[in-house]
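Trainee: One structure follows; several queries about it will come next.
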Amino acid sequence: MRTSIWLACAVVGAGAVASGPAVSQEALKIGVPTALTGTYAGLGNEAVRAVEFAAEQVNAKGGVAGRKVEIKTLDSEAKPEVARKQAEKLALEGYKILTGTIASGEGLAMAPMLARWDAIYVSTINKSDKLTGESCGPRVFRVNKQDAQDAAVVKPWLAKRKEGKWAIMAADIAWGRDSGRSFVEAAKAGKKQIVAELYSPFGTNDFAPFIQEIKSSGAEGLWVALAGRDAINFATQAKEFGILDKIFVAGVSFVTDNTVKALGPISKGVWGIINYSSTLDTPANKAFVEAWKKKYNGDEPTNFEGETYMGMQVIFQAVERAKSVKPMNVAKAMHGGTFDTILGKLKIRAEDHQIVAPNFFGYIGERDGKLRPIITETISAETATPAPTGTCKMAAF
Amino acid sequence: MADGFAIEGIDITRSFGGFFALKGISIAVPPGEIRGLIGPNGAGKSTLIDVLSGRADRWTGTVRMFGDDIGALPAHQRRRAGLARSFQRTNVFADLTVVDQLEIAARAAETPNVEEIMAELSLTALAGKRAADISYGDQRRLDLALALIGRPRILLLDEPAAGLSIGESLELAHNLKDLVARWKVTVLLVEHDMEVVFSICDRITVLHLGELLAEGTPDEIRGIPEVVTAYLGSSV
Amino acid sequence: MLVQVLNGLVYGGLLYIVSVGLVLIFGLRRIVNFAHGSLFMIGAYVGFSVAAMGGFWGAVLVAALVLALAGALLDVTVLRPLQREDPIVTVLVTFGLLLVLENFAQFVWGKDFLKMPVPAMLSGSVSIFGESFPAYRLLVIAVAAAVALGLSVWLRVSRIGLYVRASSADPLTTAMQGVNTDRVSVVVVALGAGLAGLSGTISAPLLALSPSMGSYILIESFIVVVVGGLGSFVGAFVAAMVIGQVHNFGLVYVPWAATMIPFLLMVAVLIWRPTGIAGSHV
Amino acid sequence: MTAGDAALEEAAPVRARRASPVVAAALAAAAIVLGGVFAGAVQSTLLMTLLTQAIITAILATGVGFLIRQNGVVSFGHAAFYGMACYTIALAMRHGVMPIEAAILLALVLPTALAFALGLVIVRIPGVAFSMLTLAVGQALYEFATKARHATGGDDGLTVNLPARVFGVSTSLFQDPHAMFVVSWAVLALVVLALAAVAASPFGRLTAAIRENEERARFIGYATVLPRVLVLTLSAFVVAIAGVLFTLYNAFVSPDVLHWSLSGSALIMAIIGGPRLIWGPAFGAIIFFFAKDMAGDVTEHWQAIIGVILIVVMLLLPVGLGGALARLWRRGAGHG
C-alpha cells in the first residue's frame, strides 16, 4: 500500500494530479500572487483591485457561464523566489489560473513551473520580452504590452519630434536597459543625436549627478525609462533643478497614473507611452470606467488596473469558450483566440501568446479637473506589435 | 645550549609614541631556577613577560630559549617548544568544562597527562564543571594547569596569586614550587605578593620604569636600600 | 563640477544626519539598530502629515520630537531589558521592529507613493558661480552642518556628551565609572531616533515616500558608520561626506562599478583597520 | 586522592556523550527512513512542497548557525555562498560548458573555496566588524550579479535548463515535492549529524575553545586562525549544499538569492531556533517558514505578525525556541 502511494507520488512530477472531469459548476478559481508589501505594494494593490472588481462584476451577473469566480491573493513581495512559492501554493490549493503579478522576474520564475503545477499564467503587468520570448510556453500568456511593443511606437513618434539632441535616463535594470537600447535605435533611424545615456541603479535616492549630466549635455529632449519610486524621485529632483521646464521630457512607465498621483503638478506636460488610459473614448472602456468609479469612490482606473481588468476579460471569455476551468482547456481557448476587451477585439498570437494590441502616446494634462494621461496618438495594433522574433519555441499543445 | 640559560631576553626595548615600556632590558634565567620579577606598577614586568611569550608586538631585541632565537616565533609555536605562561586576569575557557579544556591543552602539548595535572592542582573533583561555575581560586588553579600541562620547560607566570587570600596564595605558591621542582621547570614569576616572591624565588630581578634596577638573591635584594625605599617599603 | 561637489555635499549631509543617529546608539549600546531606517521612514511620514496641516518647519520639529519620544520608549522597553543578553538578540528585535514599523506605515498612510512638496519659500534656485542650484538643497547642507556642529559642541560640553564620547571609545571602562547608564542611554537613543526623524522630514521633499523607503537608506548609512569607524562621530561625518562624493562621481564616471564602490570601500576599511572597532561584539 | 573517585563519577557522563559513530549512523538512518515513511504517508502535495522549501531553508540556517556556534561571530552575508552555488549551476547549464554533475560539484567547491580564501583575511576581525564585513561582501556580490546582466540576466533572473537526468536519476524527481522532501530531509539529517560529529570532535572542541578565548588558545599552543577559517569554510559548504538543492528544485535563480535580506532571514531563523544547539537553527527555520506562511495566509499584514513574534520570542526566550525546548526536555528527564 505504502509503496504504491510512494510510486504515485514519484510519478506525479509532470502534474498528473489534475482534477478529474470538470464538474459543470466548478468555480473558476483565480490566484493572484502579487506584491502586498514592499516598494511595489502600491502596484500590487492596483492589481488586486482590478481582479476583485472584475470578479465582483461577473459574479453579480451570475458568474462566468454559471461558474462563480473565486479569488485568492498572496504576497509575492515582488521577489521571484517568493512569487514562485506563493504561486505554487495557490495552484496547489486549486487556484490554477494565475495573474496580477508585478515584476518581470516573478513571471519568469513562475513560467518554468507551470506544467508542474498544472497552472497557467496570464501576465497583465510584466513587460520583459523574455516572457513571450525564450521563456514562452503553452501555459504563459501576456495581455499587456511587452517592451518590444513600447519600443515599436517610439520610432515613428520620435521621427516626428523637432528636438535633435536627446538624453536618456533609464533604470539600470533589465527593463531600463532594454528600453534605453531601443530608444538609441529609434534615434538612429530618426537621425537624432544621443548626447547622454545614463542609467541609475534601482532604488537611487539622489538623482542630482544624473540631472547635472543631462543639464550639461545640452540635450533638447529627454527620454526617461524609470518607474515607481525611481520615477518619482527623479521627477521631483529634476523639477527642482529646473530641467522639466527647460527640456522636452517623455518616457515610458515614467508618468503613469500611479506616479502622477504622487507627483501632482510636477508631472504636468510630461509626455510618454500610455499603455492604457481611463480617458480612452470607446464604449466598452467608458462603461468600465463608469462602473469602476462607482465602486471606488470616483477614482479612475489606472493603467495597471485597466490592463489587469483586460486580463480578467480574456480569462473569462476563454473559460466560457472552453466550457471548462481546467487550465489546459482554458489555455487552448486563449491560444490564437480573439477576445472582446476594453481596448477592442484583440488577438492573442498563437506563436508566442503575446496579445496584439494598440498602443498610445500622450501627455499628462488636466481632464475633468484631474491630472490624467491624455492620449494624443493611437498606434494601431498591427504597427504597435512587432512580429515574433523567433526566440519563442512554443511547445506543442 | 651555548650559554646555558633557559630563557634569555637581550636588550629588549618596547615603546609606543615616545613612552618606553621597556628600555634595553636584559634578563637571563638559568635552567631550574625560580626567578622573581618585581617592581612598581608600570615598571614593565607584564610587558617583559608578553615579549618573552610572544604576546607583544613592535618590540626590539633578542629572545632566546635554551640558546635558540625564538623572537620570530608566534605564541603557539613557543608554547609547543616548551614555553608556557599564565595571565594576570584569569584567562580560562569560561564555557568549557575543566576536563574539556585540559584535554584540548593536552593535545597541543602532546601529552596524555590530564588526570595527572588535575590531581596535582586539586581539580579532579571539578572535572565535569564549566569553568564559569567554579570558584575564583579554582579558576586560578585551572589557569595554572593550562600552563603547566605537558610539563613545559619554562613557565612565565603573571601574578598567579592575584585576587587570592593570603592563605590561598601561599598554598598555591608552595604547591607550585613543589611541582616545578619535580618537573624541572624554569620559572619567571611576576607577583605583587612579596611574601610569595621572597619565599619561593631563587633570585629576584627588580624593574623600575622600564629599566633594570637590581638583581640578586632574596637576601641581597632586601639589602639594597634603593629597592627597599623605592619599592618594598618597610613591609619586608 | 562645482555643482557636482555641492550635490555630493547634499547627499553626504543627508546620510550624515541619518547615520550619526546610528553612531550614537551604537556607541552607547553596542547595537546595530536595523530599525533605524524605519525610524527615518516614520519621520518622513509624520513630517508629511504635519506639513499638510502646520507647515514645513512645524513638521521638522514635530517629526524630530515624535521620533525622539519613540526612541526613548525603544530604549526603556527593549534595549534596557536586553542589555545583558547577547547583542545579536537585540539586533534581531530591532529587525522585528523594522517589520512592524513598515507594516504600521502601510496601514496608516497606505501603499501608494506619497510626495511632500518643497516648502514654498525654498522652492526657488540660487545662483552659485553662474550655475543655478536649488535653494532647498542648500538648506539640507545647512541642516547637516548645524547638526554636526551642535552635536560636537554637545559632546564636548555636556556631562552626558562626555560620557557618550568615553563610552564610544571604551564601553567597559566607562561602565565602571559609576555614571547612571540608563539615564544617559535614554537621552542618547532618543537623540539618535530624533535625528532619524529629522532626516526623514528633511529628505521628504526630495524622495518618494513609501513604507519601504527606510530600506533604501539603511544599508548606505551602515556603510557610513562602518567606514567612519563604528562609534566615531568625526569619522561618521568624514565618511558621509566621502560617500556622498563617491556616490555622485561614481555614478557619473564609473557607472558600472558605482554601486559596488561603497561596499568595497567598507571591506577595505574593515580589513585595513578593524581595530577601531575591535573589542566590540555583535 | 579521595576526591578522585567521586570526581570520576562526575566526569564519566561528560565523556560518555562523545558520540560514537555507530550511534550517529543509526540516528541518520532512522531519520532518513522516518522521512521516507512520512513522505509516503502524506498525500498533500502542498504540504510536501512547503516542507521541502522549509527544509532547504533549514539547511541554509544550519550553516549560518554553525558559524555562530563554533566561531561566535554572526554573518550577515551567507547568502553570498548560497547564491554563488545557485548561479554556478545556472551559468554552467546556460553555457553548456559541463555536465550537470560537474556543475553541482563546482557549485559546492566555489563557495567553499571563496569562504576559505575570504576567511584567511576576515576571521581575525571581531564582532560587529565581522558582521558588517560579511554584509559588504555579500552585497558587493549581489550588486555584481545584478550588473552583469549579460551573464546573469540581471534582476530578471535566469531559468536553469536542467538536463533530463541528474546523477542518473530523472530530474523530475528532484522537482517532485514528495521525492525532493525525502532528498532534502536526508541531506539535512546528514548535515546535522555530521556537524554534531564535528562539534564533538577534537577540532570542534578546539574551535569552541577559540571562540571562548582566542588568546588563551594561542598560549596553550594552537594556531587559531586556520581552525576559524575552517569553520567558516564548513559553514559555507553547508550553505552551498542548500543552494544546490534550491536550484535543482526550482530551476530558476534571481539576484534575490544573494541579497542581504536572505542572509538576515537565515540569521533570524538560526537565532530563533537557538544556535547553541546544532539542530536549533534548522528547527527555527521550519518554525519561521511556517509561521510566515500561515501569517501570509491570514492577512496581508503578515509582516507585523512576524515582527511581533520575533520581538516576543527574543524578549522572552533569548536562548531561542530550540534552547528552551532542550531545557524543558532536560528538566523533564531530570524528574523522570
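Trainee: Please go through (1) more than 21 Å from A:CYS392 (Cβ to Cβ); (2) small (Gly, Ala, Ser); (3) without any contact (Cβ under 8 Å) to a residue 40 or more places away in the chain for A:GLY66 and return the number of the only condition it doesn't satisfy.
Mentor: Against the list (1) more than 21 Å from A:CYS392 (Cβ to Cβ); (2) small (Gly, Ala, Ser); (3) without any contact (Cβ under 8 Å) to a residue 40 or more places away in the chain, A:GLY66 comes up short only on (3).
Trainee: Also, I was wondering about something else. Select, from D:ARG124, D:ARG165, the only residue that is open to solvent by 10 Å² or more (accessible area, probe 1.4 Å), of a type outside the set (S, T, N, Q) and within 25 Å of C:LEU264 (Cβ to Cβ).
Mentor: D:ARG124
Trainee: Got a sec? Which of D:ARG94, D:ARG69 is farther than 21 Å from D:PHE283 by Cβ and among the basic types (Lys, Arg)?
Mentor: D:ARG94
Trainee: Among the residues of segment A:242-288, write down those that are in a helix (DSSP H, G or I), open to solvent by less than 10 Å² (accessible area, probe 1.4 Å) and away from every other protein chain (no Cβ under 14 Å).
Mentor: Answer for segment A:242-288, where residues must be in a helix (DSSP H, G or I), open to solvent by less than 10 Å² (accessible area, probe 1.4 Å) and away from every other protein chain (no Cβ under 14 Å): A:ASN285, A:PHE288.
Trainee: I've got another one for you. Quick one: is A:TYR95 outside any helix (DSSP H, G or I), more than 10 Å from every other protein chain (Cβ to nearest Cβ) and either surrounded by fewer than 22 Cβ atoms within 10 Å (Cβ to Cβ) or over 14 Å from the mean Cα position of the chain (by Cα) (or both)?
Mentor: For A:TYR95, the condition - outside any helix (DSSP H, G or I), more than 10 Å from every other protein chain (Cβ to nearest Cβ) and either surrounded by fewer than 22 Cβ atoms within 10 Å (Cβ to Cβ) or over 14 Å from the mean Cα position of the chain (by Cα) (or both) - is met.
Trainee: Residues of segment C:117-149 being touching a strand residue (DSSP E or B) at 6+ places or on another chain (Cβ under 7 Å) and either part of a helix (DSSP H, G or I) or modelled with pLDDT under 85 (or both), which ones?
Mentor: Those that are touching a strand residue (DSSP E or B) at 6+ places or on another chain (Cβ under 7 Å) and either part of a helix (DSSP H, G or I) or modelled with pLDDT under 85 (or both): C:SER132, C:ALA135, C:LEU138.
Trainee: Additional query: For the condition of a type in the set (Lys, Arg), surrounded by fewer than 24 Cβ atoms within 10 Å (Cβ to Cβ) and outside the structural domain of A:SER253 (by TED's automatic domain parsing), what is the one hit in A:LYS79, A:LYS72?
Mentor: Residue meeting the stated conditions: A:LYS72.
Trainee: Only one residue in C:SER158, C:SER168, C:SER152, C:SER232 is farther than 25 Å from D:GLY127 by Cβ and modelled with pLDDT under 90. Which one?
Mentor: C:SER158
Trainee: Condition first: within 19 Å of the chain's Cα centre (by Cα) and either open to solvent by 10 Å² or more (accessible area, probe 1.4 Å) or farther than 16 Å from D:ALA209 by Cα (or both). Now tell me which residues in segment B:106-148 satisfy that.
Mentor: Hits for segment B:106-148 are B:ALA109, B:ILE117, B:GLU120, B:LEU121, B:TYR136, B:GLY137, B:ASP138, B:GLN139, B:ARG140, B:ARG141, B:LEU144, B:LEU148.
Trainee: Restrict the check to segment A:147-165 and report whether at least one residue is β-branched (Val, Ile, Thr) and part of a helix (DSSP H, G or I).
Mentor: yes
Trainee: Does segment C:212-238 hold any residues that are open to solvent by 20 Å² or more (accessible area, probe 1.4 Å), among the aromatic types (Phe, Trp, Tyr) and at the interface with chain D (Cβ under 10 Å from one of its Cβ atoms), and which are they?
Mentor: none
Trainee: Run down A:GLY272, A:GLY306 and say which single residue is touching a Phe, Trp or Tyr at 6+ places or on another chain (Cβ under 6 Å), touching a residue at least 40 places away in the same chain (Cβ under 8 Å) and closer than 30 Å to C:VAL118 by Cβ.
Mentor: Unique residue meeting the criteria: A:GLY272.
Trainee: Please pick out the residue among D:ALA90, D:ALA102, D:ALA140 that is within 11 Å of chain C (Cβ to nearest Cβ) and either part of a helix (DSSP H, G or I) or open to solvent by less than 30 Å² (accessible area, probe 1.4 Å) (or both).
Mentor: D:ALA140
Trainee: Here is a further query. For segment A:25-57, which positions are open to solvent by 10 Å² or more (accessible area, probe 1.4 Å), touching a Gly at 6+ places or on another chain (Cβ under 8 Å) and closer than 30 Å to C:LEU101 by Cα?
Mentor: A:LEU36, A:THR39, A:TYR40, A:LEU43, A:VAL48
Trainee: Restricting segment D:111-136 to residues that are more than 11 Å from every other protein chain (Cβ to nearest Cβ) and out of contact with any helix residue (DSSP H, G or I) (no Cβ under 6 Å at 6 or more places or on another chain), which is nearest to D:HIS259 (Cα to Cα)?
Mentor: D:LEU114
Trainee: Further question on the same structure: Within segment A:224-241, count every residue that is among the small types (Gly, Ala, Ser) and either facing chain C (nearest Cβ under 10 Å) or in a helix (DSSP H, G or I) (or both).
Mentor: Adding up the residues that qualify gives 4.
Trainee: Could you check, for segment A:211-224, whether at least one of its residues is closer than 25 Å to A:ILE102 by Cβ and surrounded by 24 or more Cβ atoms within 10 Å (Cβ to Cβ)?
Mentor: Yes, segment A:211-224 contains at least one residue that is closer than 25 Å to A:ILE102 by Cβ and surrounded by 24 or more Cβ atoms within 10 Å (Cβ to Cβ).
Trainee: Additional query: Checking the structure you have, find out if any residue of segment A:302-313 is open to solvent by 10 Å² or more (accessible area, probe 1.4 Å), in a helix (DSSP H, G or I), under 23 Å from A:LYS68 (Cβ atoms) and in contact with a strand residue (DSSP E or B) (Cβ under 6 Å, 6 or more places away or on another chain).
Mentor: Within segment A:302-313, one or more residues are open to solvent by 10 Å² or more (accessible area, probe 1.4 Å), in a helix (DSSP H, G or I), under 23 Å from A:LYS68 (Cβ atoms) and in contact with a strand residue (DSSP E or B) (Cβ under 6 Å, 6 or more places away or on another chain).
Trainee: Tally up the residues in segment D:169-221 that are in a loop (DSSP other than H, G, I, E, B), crowded, with 24+ Cβ neighbours inside 10 Å and at negative phi, please.
Mentor: 2
Trainee: Six or more apart or on different chains, Cβ under 9 Å: which pairs go from a residue in segment D:303-324 that's within 18 Å of C:PRO211 (Cβ to Cβ) to one that's of a type outside the set (A, V, I, L, M, F, W, C) and open to solvent by 30 Å² or more (accessible area, probe 1.4 Å)? Could you list them?
Mentor: D:ILE305/D:LYS292; D:ILE305/D:THR299; D:ILE306/D:LYS292
The values are calculated or read from the model by the stated rules, or taken from the named source; none is laboratory data. None of these values were measured; they are calculated from a predicted model. All Cβ positions, glycine included, derive from the backbone under ideal geometry; neighbour counts span all protein chains shown. In case anyone asks, the SASA skips ligands and DNA or RNA and just uses the protein heavy atoms, side chains included. Shrake-Rupley method; radii C 1.70, N 1.55, O 1.52, S 1.80 Å.
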